[in-house]
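Below is one structure, written out as structure tokens; the observations come after it.
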Amino acid sequence: MIQTSAPGKLMLFGDHAVVYGYPCIVAAINKRISVVIEKTEHNEITILTPGNDNHAFVQKTLSYCSDLWNIPKNIVITITSEFTGKYGFGSSSAVVVALVRALAEMVDVSISPRELFDGALRIVLDVQQGVGSGFDVAAACFGGTIVYQNKGAVIDEISLPSCCWVVGYTGVKANTVAMVQKVSELRAKEPATVDRICRLIGEDVLRARECMRVGDCKSLGEIMDSHHRYLQELGVSSDRLDTLVRAAKQGGALGAKLSGAGGGDCMIALVSEDSKISVEKAIQDAGGEVVSVSFHEQGVRRDL
Ligand code: PMV
């Protein structure tokens, strides 16, 4: 039996602008997708994905790996998840990364993290018809917190300061492809506006990186607030996201922003230890669901 797992992720800074070549900062989270491969007597590949709807990604990964390697036909692949796909924690990318690693182990091929990233990125972009920056694939492969840019041309590990984060789920599933297309349509109409906002987001990311390096949580919070305003200007926030972000700030957060594509999914707030409980309560009172998440998580690994 082979068992592998890969973590989900949260975008901390650089949402949307990363699609246009600017850097982003993404953190792997302590919620993982696991893949188990077992041999059977039946001469067929059986895929069991309880509570998981990443079938297109699983099929594409199997066909990609079958073109590369001699994958046995008598196997059962079981995919389980520590989080539901509804939060937008990058379950599709984590499935692809964990499955490529498991299949490589199965055929005894040693594959470097970089090779795994390149292959998994190709698979994910194929399924998503080219849409996406691939930051989620990098988080699943490398773990930790990384600065990511240009489809993996830059993947730099950084360390997070010891501030606390609170994640609030809006209750609405975001449609990442639709939100990326929305920004692309706005860019076609108003290129100067979108380019200006993306440039400002890119500058925010570099400042955030420096604040993380020196442990300046107060300035990091201010950058989150300005980031959220830029994302509002791009038209990707929503009333629910704005409500939760406002509630977090009123509850005492140092900063708060939507995380990821927008339109739904989660927001994230940076808090001091003292304000964590009041921010969580404010998010809940505003109708959000607080999702317990921590960072510093390992990338893809073999578990058994
Ligand atoms: O919705 P998520 O968490 O998958 O994040 C999407 C982030 C974007 O920058 C909008 C798109 C991308 O692929 O980078």
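C211 contributes an accessible area of around 20 Å² to the protein surface, as traced by a 1.4 Å probe with all chains present.
Distant-in-sequence amide contacts of N175, defined by a placed amide H-H separation under 5 Å and a gap of 5 or more residues or a different chain, comprise nothing. Here the stretch 1-127 is assigned +1 on the Cβ of each Lys and Arg and -1 on the Cβ of each Asp and Glu. Its dipole about the Cα centre then comes out at about 300 debye. Taking a span of 15 Å or more along the helix axis (Cα atoms) and a mean Kyte-Doolittle hydropathy of at least -0.5 as the rule, the DSSP H helices of the chain that qualify are 55-68, 91-106, 113-127, 176-189, 191-214.
Using the alpha-carbon centroid of each, what span in Å lies between the stretch 5-32 and the stretch 89-125? Value for the Cα centre distance between the two parts: 17 Å.
With a 1.4 Å probe and all protein chains left in place, how much accessible area per residue does the stretch 157-197 have, in Å²?
Working: 2200 Å² over 41 residues.
Averaged over the residues of the stretch 157-197, the accessible area is 54 Å².
Within the stretch 197-293, what whole-number % of the accessible surface is contributed by carbon and sulfur, with the 1.4 Å probe and all protein chains included in the calculation? The computed percentage sits at 47. Residues whose amide H lies under 5 Å from that of G21, counting only those 5 or more places away or on a different chain, are N150; hydrogens are built 1.01 Å from N in the peptide plane. Cα centroids of the stretch 192-214 and the stretch 234-276: 18 Å apart. Largest mean-square fluctuation among Q284, Q181, Q149, in a Gaussian network model of the chain whose springs join Cα atoms under 10 Å apart, belongs to Q181. With the chain treated as a Gaussian network of Cα nodes joined by springs under 10 Å, which of S159, S259, S81 yields the largest mean-square fluctuation? Checking each option, the largest mean-square fluctuation is seen for S159. The Cα-based radius of gyration and maximum Cα-Cα distance (Dmax) for the chain are 19.2, 61 Å. Using equal-weight Cα scatterers in the Debye expression, the normalised intensity of the stretch 91-133 in log10 at q = 0.29, 0.34 Å⁻¹ is -1.03, -1.21. Using only alpha-carbon positions in the stretch 118-266, the gyration tensor eigenvalues give semi-axes of 23, 21, 16 Å once each is multiplied by 5 and square-rooted (largest first). The Cα atoms of the stretch 180-304 cover 44, 39, 35 Å along the three principal axes, with the biggest extent listed first.
To the nearest 20 debye, what charge dipole does the stretch 183-246 have about its Cα centre, counting +1 at the Cβ of each Lys and Arg and -1 at the Cβ of each Asp and Glu?
Numbers: 11 positive and 12 negative charges, 21 e Å.
It comes to approximately 100 debye.
Here the spin labels are modelled as points 7 Å beyond Cα on the Cα-Cβ line, and at K189 and V154 they lie 3.1 nm apart. Applying the Karplus relation 6.51 cos²θ - 1.76 cosθ + 1.60 with θ = phi - 60° to the stretch 253-264 yields 3J(HN,Hα) values of 5, 6, x, 7, 7, 6, 10, x, 6, x, x, x Hz, where x marks Gly and Pro. Based on alpha carbons, the Rg and Dmax found for the stretch 67-204 are 17.6, 55 Å.
Using 1/(1 + (r/R0)^6) with R0 = 22 angstrom and r between the beta carbons of D285 and V172, what's the FRET efficiency to the nearest 0.05? Efficiency at R0 = 22 Å is approximately 0.80. Amide hydrogen proximity for L12: with H placed 1.01 Å from N in the peptide plane, the residues at 5 or more positions away or on another chain lying under 5 Å are I25, V26, A27. Considering only GluC sites (Glu not before Pro) in DSSP loops that have at most 11 other Cβ atoms within 10 Å, the longest stretch of the chain without any of them is 45-272. Among V137, F83, A192, flag the residue with its Cα farthest along the positive direction of the charge dipole of the chain, charges on Cβ as +1 for Lys/Arg and -1 for Asp/Glu. Selected residue: A192.
Placing dummy labels 7 Å off each Cα toward the beta-carbon, the span from E210 to W69 is 4.4 nm.
So which cysteines in the chain don't have a second cysteine's C-beta under 4.7 Å from them? If one checks each Cβ against the other cysteines of the chain, C24, C65, C141, C164, C198, C211, C266 turn up with nothing under 4.7 Å.
Label separation (D118 vs E273): 4.5 nm, computed from points 7 Å beyond Cα along the C-beta direction.
With Rg and the Kirkwood Rh both taken from Cα atoms, where does Rg over Rh land for the stretch 125-174? Spell out each step's value before the answer.
On the way: Rg = 13.8 Å, Rh = 13.1 Å.
Value, to two decimals: 1.05.
Calculate for the chain the 222 nm mean residue ellipticity that helices alone would give, adding -39,500 (n - 2.57) per DSSP H run of length 4 or more and normalising by residue count, nearest 500 deg cm²/dmol.
Working: 9 runs with 130 residues, N = 304.
Per the formula, -14000 deg cm²/dmol.
DSSP finds beta bridges in the chain, and of those with both partners inside it, around 90 percent are antiparallel.
Near D303, once Lys and Arg are set to +1 and Asp and Glu to -1 for all other residues with Cβ below 11 Å from its Cβ, the sum equals +3. A Cβ-based charge dipole, computed about the Cα centre of the chain with Lys and Arg at +1 and Asp and Glu at -1, lands at about 260 debye. Across the stretch 1-126, what fraction of all alpha-carbon pairs, as a whole percent, falls in each successive 5 Å bin from zero upward? P(r) over the stretch 1-126, rounded to whole percents: 2, 11, 20, 24, 20, 12, 7, 3, 1, 0.
The values are calculated or read from the model by the stated rules, or taken from the named source; none is laboratory data. All of these numbers come straight from a predicted model, not from anything done at the bench. Note: ideal-geometry Cβ built from the backbone for every residue, glycine included; neighbour counts use all protein chains shown. Ligands, DNA and RNA are stripped out before the accessible areas are found, and what is left, the full protein with its side chains, is counted by its heavy atoms. Shrake-Rupley method; radii C 1.70, N 1.55, O 1.52, S 1.80 Å.
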